[in-house]
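These notes are about the structure you will find just below.
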Amino acid sequence: MILTNSKILFRSVWFMILLNTVSYPQILQSKHNLSITGPGTIKATGEQEVCKFCHLPHRNVKVVPLWDHNLSSVTYSQYTSSTFSASYQSQYPNLSSKLCLSCHDGTIAIGSMSTGNIAVSGTGNLDPDQSLAGSASSNIGGSTGALLSDDHPISIGLPHFSATQYNCSGCHYPSSGDKVPMECVRCHDPHNESKDVVTKKFLKKSNSSSALCLDCHKKTYWVTNPSIHQQSTKSLPVGWSHNGYTTVATSGCESCHKPHSANSPARLLKENEQILCEACHKGITNGGITEKNVSASSGGPFIKLYKHPTYSIDNKHRPVNASPATNSPTESSADVSTPNRHAECGDCHNPHAAKSGLHTTKTNATSNVLSGVWGLEPTDVSNWMQPTSFTRIDPASKEYQICFKCHSYYGLGTTTTGVTTIIGPSGTNITDQAMEYNVNNFSAHPVKVGSSSQTGSYSPKNLLSSQMSTTWNSVGSQTMYCSDCHGNDQATSATVPQGPHGSNYKYMLTGTAKYWPANAAGYLWTVRDIKNNLNNWQTNLFCVNCHPIYSGGTWMNNVHAKGNHQGSTVYCITCHVVVPHGSKRSRLIGYQSDPAPYNYNGTGNAKLLTIGFKKEVSPNNYSDNNCSFSSRGVCHGVQTPPSGSYDQ
C-alpha cells in the first residue's frame, strides 16, 4: 500500500513537472486536455490526469520514449504535385508525426492506450481542424484514415536551412546536421492551443497574414512587390474562411490554400482552380467580395459563346517558379501543346503578384493584372517564317509574350504556312501568332513593335495619322495589346473584366464594333456597305474601332474610293487577309495562293484574288498598276507583273 501510494505520488510529481515545462495553464485550457476537467464536450468520463492521454512516465512500452497512446499501423498515401520536388524520409511518417496521427488519422480511438483503454464520452474521433468530432470520415486521414495526399507533406527534409533559420528549436526529433524535418510539430505546438488567438489550432505562432506559412514559403513578389491578394482588406466570401481570419489580407495564403483536407490536393487549393478564383471574382456581393465578374456561374465572360477553355480543361497547368529567370521552369513546351493544351487562370495571372489596374492604351507593356507571369520572346526569323526558338522572359514585360506560350510553335508545333490543324473556339484553324507578328514580315499590326520598327516593311512603313482614330493616332511609335482586339464584348466598368476570357462574338472580338469578316447578318463586308451606309458599318465593322476608313464624305484611302471597288461582290477579304495579325505582303494584303483561314476561300470574289501588290508613298496615289491578277477579267485585269516588282 505504501509502495502504491509512492508510485502515485511520484507520478503526480512527474506530471506536475511536465505540465510546468509545457505551460500548465495553456494545456489545461486547450482541447488537448482530454481529462474529465477538459473544456471540450467529448472527454474522459473519469480520468483526471492530463498528460496520460499521450505520455507514460515509466515502462517504455512504445518505440517512442514516454509515449503511451497506441500508434496507427496504417500505410498512408502521400502528397504529390507537379511542383513538389522534396524527398520523403525513409520512415514515413516519421515518429514525431506518427504520434500526432495516432489520434488524428481517425483509426485509433482517443482513449486507446498501451496501458489500457480510457473511457471517453462520445465517439472520440478527431477532424482535420483538431477539434473533437463524431465522424471518422471527417478525420485528417479521410474515410479510410490513410489519406494524406490532400494534406501538407510531412516527413520531408528541408536541406538548405539551419534550425536557427527555421526557428526550429522546439521541433521534436530534429534530424542531424542542418537538415530540418518538416513534421506536424513544425507548424503545431501540441501543448499550447492559443499562440494564434484567432485560429486556435495549436499553431506555433500567430498565422495572421500567413506569418507562419512565410517562415518556409518565400513566395516571390508576395512580400517584395505585394499582390493585391496580400493587401486586400475585403472580407472573404461567406463560408470561405477555415482559420477564423475574415479578410483576404489576414487570411493570406489560406484565402486560397488549405493545409489539411484540401478539395484540390495538388498545391492544396481549396477548390479546383477556376472555382477557387470565382469564389471572389463573381462580381456580386458575397460576404464583402465585389470584384469583377469572370465566373461562368454568375454570367461572367466564361459563360459566353467564344472563350478560352478555362472551365472545360482542368489540372493541366504546371506553375513555374517566378523571377528570377534563372529558376528552372516546371512548365515546358510539352505541357502546353497537344494533348496538354489548356488555358487555366494561372497561365495568364500570377495570384502572388497580380495587382489592380488595366494597361495603358498605345503600349504593349504588361499591366498590373498580368504582373509576375512568365512569357516567351521569339527569335527573329525571315519574312513569314515560323519562329522556333524562344527566350524565356520571367516575368514577361509585354502582353504578347504571355500569349505566345500557347499561340506559337512553343504550344502549336511546326507549321510552314502559319496554319495548324487545331480548331479554335470559333470553328476555324488556329494560326501561329508569333509567325504573324514577326518583325521581318512585310506588314503586321504593331503588337510586338511600332510600325516604324517593323524591319521587314519598306517605306512608307506607317499609315497616316488621318487614317487612324483619335485613340490610335500616334502612328509609327505606338504598340498595342492582343486584348485591344480580343476580349470581353462588354464595356469596361466596376464589375466587368477586360481581357480574352470570353465574348459572344467570334474570335472573342472586343471594342465598339465586333463583326469581321462578315456583318451581323452573316454577309461579307464590302466597300459598298461603307459608301451607301449599309449594315450599320459605323458601329459593326470591326476595323473602324481604329480605322475611320470613310468620314465626313472623305475616303482615307483612294483605293476604297474607286467606283469599281464599290460593287456588291467586291469584299474586303478579296484583297486583305482574313486574319489581320500580319502578312508576308504589305498592308495586310493576301494572295490567292494563301491557305485558309487567311484566305476566305469562298466562291466568286469571296476569296483572295490578288497575286501581286506594291504599296504607294501616299494613300491617294494608288492605281491599277499597284495590283496584279493571274488573268484579264478578274477585277481590272492587270496581267502578272515582272518578277521582283511586287511583294513576293
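Bear in mind these aren't lab numbers, they're just calculated from the coordinates by the rules spelled out. In this text the structure is predicted, and so the values were computed from the model without any measurement. All Cβ positions, even for glycine, are placed from backbone atoms using ideal geometry, and neighbour counts span all protein chains on display.
Helix 2-21 and the longest principal axis of the Cα set of the chain meet at an angle near 30°.
Among 385, 435, sorting on how many other beta-carbon atoms sit within 10 Å of each Cβ, with the fewest leading, yields 385, 435. When both bridge partners sit in the chain, DSSP labels roughly 95% of those beta bridges antiparallel. Applying 1/(1 + (r/R0)^6) with r as the Cβ-Cβ distance of residue 211 and residue 538 and R0 = 56 angstrom yields a FRET efficiency of 0.45. Under a Cβ-Cβ cut-off of 13 Å, what is the net charge of the residues other than residue 39 that fall near it, where Lys and Arg count +1 and Asp and Glu count -1? Within the 13 Å Cβ shell, the charges total +2. Placing unit charges on the Cβ atoms of the charged side chains and taking the dipole of the chain about its Cα centre, the candidate lying farthest along the positive direction among 246, 491, 96 is 491.
Over the chain, the pair-distance histogram of Cα-Cα distances with 10 Å bins from zero comes to 3, 13, 21, 18, 13, 10, 8, 6, 4, 2, 1, 0, 0 percent, rounded to whole numbers. Give, as a single signed number, the net charge of other residues whose beta carbon lies under 12 Å from the beta carbon of residue 415, with Lys and Arg counted +1 and Asp and Glu -1. Result for the neighbourhood of residue 415: -2. Take 601-607, 545-551 and order them by the average number of nearby Cβ atoms within 10 Å per residue, most first; the result is 545-551, 601-607. Relative contact order of the chain, taken over Cα pairs closer than 8 Å and 6 or more residues apart, is 7 percent. Taking other residues whose beta carbon is less than 12 angstrom from the beta carbon of residue 490, and scoring Lys, Arg as +1 and Asp, Glu as -1, yields +2. Contact order, relative form, for region 517-648: 18 percent (alpha carbon pairs under 8 Å, 6 or more residues apart, mean separation divided by residue count).
Among 472, 516, a tally of other beta-carbon atoms within 10 Å of each Cβ gives an order, fewest to most, of 472, 516.
In terms of other Cβ atoms within 10 Å, 629, 84, 404 run from fewest to most in the order 84, 629, 404. Compared with the direct C-alpha span, the chain from residue 365 to residue 421 gains 17.1 nm at full extension, assuming 0.36 nm per residue. To the nearest ten degrees, helix 95-104 and the longest principal axis of the Cα atoms of the chain are 90 degrees apart.
By the helix-only formula, in which each DSSP H run with n ≥ 4 contributes -39500 (n - 2.57) and the sum is divided by residues, the chain has a 222 nm mean residue ellipticity of -3000 deg cm²/dmol.
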